[in-house]
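J.: So that we are looking at the same thing, I have put the structure below in structure tokens.
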Amino acid sequence: MRHLLPLLLISLTLSCGGPTDEDRIRNLIADGEAAAEAGNLRALTSLLDENYSDAEGRDKRAVVGMLALYLQQTPAPHVATGIRRIEIDSANEARAVVVVAVTDTLWTDPRNLRELRADLQTLNLRLIRRSGRPWRIVAVEAKPAEVSDLIDLLR
């Protein structure tokens, strides 16, 4: 019986080891949602890896410029995200699929759904972690979301 207590304490310590990589990526996505709603370009920029490069040929500087313009044109966006999938490919590489809805009108009443106008995108994120630093987004592929994506977002 005396030997059981130390084993139990070790087991509890190992099972409560802190956030997983998936938790950290979920937090990064939540931070992005909060930063976008707050119009915080600096916080959004901090989520991008310094070597950001996407299939459209945009680097980090170009994306930051696009975000700045968008936030200037939409000063108080309402953002909702739904994570469809997170895949950890290795200790330093991951992918996530996120459905993002952005509107300039806060939707609170289902009866007003017909008036709601939102930009609905599915984002395929590639993430990287460099030498013990936090996860950062290294590339994004955006495509228009489908009806099934919207249903997932509403769940």
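J.: Just give me the residues in segment 40-65 being modelled with pLDDT under 95 and among the aliphatic types (A, V, I, L, M), in sequence order.
T.: If the condition is that a residue be modelled with pLDDT under 95 and among the aliphatic types (A, V, I, L, M), then Ala55 is the only one that fits.
J.: Just to be sure I understand, how many residues within segment 79-131 are of a type outside the set (A, V, I, L, M), over 18 Å from Ala35 (Cβ atoms) and modelled with pLDDT of 85 or more?
T.: Here the count works out to 14.
J.: Filter segment 23-42 for residues that are among the aliphatic types (A, V, I, L, M) and within 17 Å of Ala139 (Cα to Cα); which is surrounded by the fewest Cβ atoms within 10 Å (Cβ to Cβ)?
T.: Here the residue is Leu28.
J.: Something else about it: Does any residue in segment 72-90 that is assigned to a strand (DSSP E or B) come within less than 6 Å, Cβ to Cβ, of a residue that is basic (Lys, Arg) six or more places away or on a different chain, and which pairs are these?
T.: Glu87/Arg95
J.: When residues of segment 67-99 are filtered for being exposed (fewer than 13 other Cβ atoms within 10 Å of the Cβ) and more than 22 Å from Trp135 (Cα to Cα), how many remain?
T.: The qualifying residues number 5.
J.: Which residues, taken from segment 137-155, are of a type outside the set (D, E, K, R) and at pLDDT below 90?
T.: Ala145, Val147, Ser148, Leu150, Ile151, Leu153, Leu154
The values are calculated or read from the model by the stated rules, or taken from the named source; none is laboratory data. These figures come from a predicted structure and were not determined experimentally. With ideal geometry, Cβ positions are generated from the backbone for all residues, glycine too; neighbour counts draw on all protein chains shown.
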